[in-house]
1. Only one residue in Val165, Val137, Val175 is over 30 Å from Cys104 (Cβ atoms) and part of a helix (DSSP H, G or I), so which one is that?
2. Is one or more of the residues making up segment 62-81 within 24 Å of Ile225 (Cα to Cα) and either acidic (Asp, Glu) or not in a helix (DSSP H, G or I) (or both)?
3. Given the conditions (1) farther than 20 Å from Ile132 by Cα; (2) in contact with a helix residue (DSSP H, G or I) (Cβ under 7 Å, 6 or more places away or on another chain); (3) part of a helix (DSSP H, G or I); (4) open to solvent by 40 Å² or more (accessible area, probe 1.4 Å), report the number of the one that Val223 does not fulfil.
4. Give segment 123-146 a look and list any residue that's over 13 Å from Arg82 (Cβ atoms), surrounded by fewer than 18 Cβ atoms within 10 Å (Cβ to Cβ) and hydroxyl-bearing (Ser, Thr, Tyr), or say none.
5. Could you count how many residues in segment 1-26 are outside any helix (DSSP H, G or I) and either of a type in the set (A, V, I, L, M, F, W, C) or in contact with a helix residue (DSSP H, G or I) (Cβ under 7 Å, 6 or more places away or on another chain) (or both)?
6. Scan Ala109, Ala156, Ala185 and give me the residue that is among the hydrophobic types (A, V, I, L, M, F, W, C), touching a Ser or Thr at 6+ places or on another chain (Cβ under 8 Å) and assigned to a loop (DSSP other than H, G, I, E, B).
Amino acid sequence: MKPWMNRVIFYAGLLVLWILIGELEIWPDYFVPTPFGVWQSIQDGLSDCSFFIGTLASLKRIGIGYGISAVAGVILGIITGRNRFLDDTLGSLLTGLQTLPSICWLPLAILWFGLNESAMIFVVVMGALLAITTVTVSGVKTITPIYIKAGKNMGANGFKLLTTVLIPAALPAIVSGLKQGWFYAWRALMASELLYVSVGLGQLLMMGRELNDMNRVIAVMLVLIFIGWLFDRMLFANLETAIRRRWGYEN
C-alpha cells in the first residue's frame, strides 16, 4: 500500500477509536472530550479569530528567535568544529548546556529582560541555538579529510573552502540540526507562553485549563501539532529530500 493510504487508515482508526471511547462514556467529557466537542471548539476558535491571532503572535516570536538561532548556530558550529581549541573548550560547554531543559532559561530571561517579548524570544533562542550548534559541530567534524585536501589542492582556501567544501559536505548534518532546533524552539516557545500570560497559542491553552474546558485544550493542542507538522513537511522534508537526491541516496 502507498504511504498516504497507510496514514489515512491509521488516523481513521484512531478517530474511530476516539469516537467509540466517547460513545461508551468510559470517562466524563471534562476528562476525555469527544471528537465532536473538540471540532466545535476548533470552529469557535476560527470564527472568533482567536486561533488566527494566537498563531500569528506565536509565529512572530518563533520567527525572530529561530532565525537568530539558525544563523548563529550554524556559524558557531562551523567555527567550533574546525578549531581544536574551541572544540575542546566551548564544545564541552555546549554539550553540557544542551542537557538543560529550555524552560530553565525563563527565570534568567525574566531577570535580564523582564516580563516581556524579549524574555520569550531569548528562551526560544537558547532552546534552538544549542541543538543547531551541537549537530553542526558533529557534521563538520565528520567531513572526510580527503574532501578538504582535494579542495586545497584545487586552490580553495579560506572563505572559498568554506563555501565550496565545508558547508556542502556538512549540509546533511546542518539541515538535521536546523530541523531539531525547530522542534526545540517550538517547545520552548510554548513552555514560555504557558508561564507568561501573553497573546499566543500558549495563552489559549492556559485559558482552556483555567475554564476547565478540555475541548479547547485539545483543540489548541491539535493546532500546535498541525503547525509543527506543516513546517516540517513544507520546509525540512523538501530540504532533506533534495539533499538525499543530491548525494545519491535517493532517486
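The values are calculated or read from the model by the stated rules, or taken from the named source; none is laboratory data. All values derive from a computational prediction rather than experimental measurement. Cβ placement follows ideal geometry from the backbone for every residue including glycine, while neighbour counts extend to all protein chains displayed. In case anyone asks, the SASA skips ligands and DNA or RNA and just uses the protein heavy atoms, side chains included. Shrake-Rupley method; radii C 1.70, N 1.55, O 1.52, S 1.80 Å.
1. Val165
2. No, segment 62-81 contains no residue that is within 24 Å of Ile225 (Cα to Cα) and either acidic (Asp, Glu) or not in a helix (DSSP H, G or I) (or both).
3. Status for Val223: all satisfied but (4).
4. Thr144
5. Final tally of qualifying residues: 2.
6. Ala156
Table: residues versus (1) surrounded by fewer than 18 Cβ atoms within 10 Å (Cβ to Cβ); (2) charged (D, E, K, R); (3) under 30 Å from Ser198 (Cβ atoms).
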{"residue": "Ile9", "(1), (2), (3)": "yes, no, no"}
{"residue": "Ile21", "(1), (2), (3)": "yes, no, no"}
{"residue": "Leu24", "(1), (2), (3)": "yes, no, no"}
{"residue": "Val32", "(1), (2), (3)": "yes, no, yes"}
{"residue": "Ser41", "(1), (2), (3)": "no, no, yes"}
{"residue": "Ser47", "(1), (2), (3)": "yes, no, yes"}
{"residue": "Ile64", "(1), (2), (3)": "yes, no, yes"}
{"residue": "Ala72", "(1), (2), (3)": "yes, no, yes"}
